[in-house]
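Below: the structure, in structure tokens.
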Amino acid sequence: MSLGQSSLGRAVSLEGLPSGGQLLRRGAEAILYRRKWHDLDVVVKTRVVKRYRIPSLDLKIRQFRTIHESSLLHEAKQAGVMTPLVYSIDLGSASIIMEFVSGDRLKDVLKGLEPLKLDELVETLGVLIGRLHRAGIVHGDLTTSNMILTLNGEICLLDFGLGDRSTDLEARGVDLHILKTILFSTHYSIAERCFRSAVNGYKKAVEREEAEAVLRRTDQIGKRGRYVSVR
């Protein structure tokens, strides 16, 4: 197998990975570790076993979600959106072995940017979201914690664990609603400016009528009072 290609749907043993590693995140659905694998700096994302489920069913669900997320990461890249490169998946442990992307979370850098740089960066983010939606992909968790500003100044989108393939107006509206909610919850002083820039970018990537329809739905979702937890 070429390490420069995705191995979607192919089970590859995690044997050879050192035990432990740097814990990056421990969530309800998955645990992420940074480790070395074949001399590569990787992140291993392993879906958590749910003890309340029948073991055989639990494994099938975790395997499906592992393959599904790996596929979305690959399809997003094909749509022109930077995502971590998937090196392998291990169906036995429901794990994804993917590239570790160096950089800073957008959550940590947005407030310190000069206004023009901020506008440019968040407009680029809007373009990337538009590309996803145009390709029939919704991210499902568009928080600034799931976005990396790389050392080359690119935005890399992470964690498609809640993502799906959908062209549904509601699903796309929810994507933008999540982004808007996170901006106002975490980056309040610059939230309006950021969301306006994101919308400008989105309109560049999506046909005008379609973009306006998604944005109207985003407003409707907000008025319904949906709650999105800050991550």
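The values are calculated or read from the model by the stated rules, or taken from the named source; none is laboratory data. What you are looking at is a predicted structure, and each value in this text was computed from that prediction instead of being measured. Glycine also receives a Cβ, built like all others from the backbone with ideal geometry; neighbour counts cover every protein chain displayed.
Looking for something hydroxyl-bearing (Ser, Thr, Tyr) and part of a helix (DSSP H, G or I) - is there at least one such residue anywhere in the range 69-89?
First pass over the range 69-89, keeping only residues hydroxyl-bearing (Ser, Thr, Tyr): 70-71, 83, 87-88.
Filter once more, so that each one left must be part of a helix (DSSP H, G or I): 70-71.
Yes, because at least one residue in the range 69-89 is hydroxyl-bearing (Ser, Thr, Tyr) and part of a helix (DSSP H, G or I).
Residues of the range 90-125 being of a type in the set (Lys, Arg) and in a helix (DSSP H, G or I), which ones?
Of the residues in the range 90-125, the ones of a type in the set (Lys, Arg) are 105, 107, 111, 117.
Selection gives 107, 111, 117.
Scan the range 185-197 and give yes if some residue there is in the same structural domain as residue 123 (by TED's automatic domain parsing), in a strand (DSSP E or B), surrounded by fewer than 21 Cβ atoms within 10 Å (Cβ to Cβ) and not hydroxyl-bearing (Ser, Thr, Tyr), otherwise no. Break it down stepwise before answering.
Restricting attention to the range 185-197, the residues satisfying the condition of being in the same structural domain as residue 123 (by TED's automatic domain parsing) are 185-197.
Add one more test, that the residue is in a strand (DSSP E or B), and what stays is none.
No, the range 185-197 has no match at all.
Only one of (1) surrounded by fewer than 21 Cβ atoms within 10 Å (Cβ to Cβ); (2) over 9 Å from residue 126 (Cβ atoms) is not met by residue 203, so which one is it?
(2)
Just to be sure before I move on: is residue 215 assigned to a loop (DSSP other than H, G, I, E, B), surrounded by fewer than 22 Cβ atoms within 10 Å (Cβ to Cβ) and of a type in the set (A, V, I, L, M, F, W, C) in the structure I sent? Give the steps one after another, and end with the answer.
Details: assigned to a loop (DSSP other than H, G, I, E, B): no; surrounded by fewer than 22 Cβ atoms within 10 Å (Cβ to Cβ): yes; of a type in the set (A, V, I, L, M, F, W, C): yes.
Criteria not met by residue 215.
If we scan the range 162-179, do we find a residue that is in the same structural domain as residue 116 (by TED's automatic domain parsing), assigned to a strand (DSSP E or B) and touching a residue at least 12 places away in the same chain (Cβ under 8 Å)? Break it down into steps so the answer makes sense when it comes.
Quick first cut of the range 162-179, residues in the same structural domain as residue 116 (by TED's automatic domain parsing) only: 162-179.
Narrowing the set further to residues that are assigned to a strand (DSSP E or B) leaves 164-165.
Now restrict to residues that are touching a residue at least 12 places away in the same chain (Cβ under 8 Å): 164-165.
Yes: the range 162-179 contains one or more residues that are in the same structural domain as residue 116 (by TED's automatic domain parsing), assigned to a strand (DSSP E or B) and touching a residue at least 12 places away in the same chain (Cβ under 8 Å).
Would you please list the contacts, defined by Cβ atoms under 9 Å and residues six or more apart or on different chains, that run from a residue in the range 53-67 that is in the same structural domain as residue 29 (by TED's automatic domain parsing) to a residue that is among the acidic types (Asp, Glu)?
From the range 53-67, the pairs are 65/29; 66/90.
Name, by its number, the condition in (1) at pLDDT 95 or above; (2) surrounded by 13 or more Cβ atoms within 10 Å (Cβ to Cβ) that does not hold for residue 78.
The failed condition is (2).
Given the options 150, 143, name the one that is buried (at least 21 other Cβ atoms within 10 Å of the Cβ), at pLDDT 95 or above, of a type outside the set (A, V, I, L, M, F, W, C) and more than 18 Å from residue 203 (Cβ to Cβ).
Criteria check complete, one pass: 143.
Is it the case, given these coordinates, that residue 216 is within 20 Å of residue 109 (Cβ to Cβ) and either out of contact with any strand residue (DSSP E or B) (no Cβ under 6 Å at 6 or more places or on another chain) or among the basic types (Lys, Arg) (or both)? Spell out the reasoning first.
On the way: within 20 Å of residue 109 (Cβ to Cβ): no; either out of contact with any strand residue (DSSP E or B) (no Cβ under 6 Å at 6 or more places or on another chain) or among the basic types (Lys, Arg) (or both): yes.
Criteria not met by residue 216.
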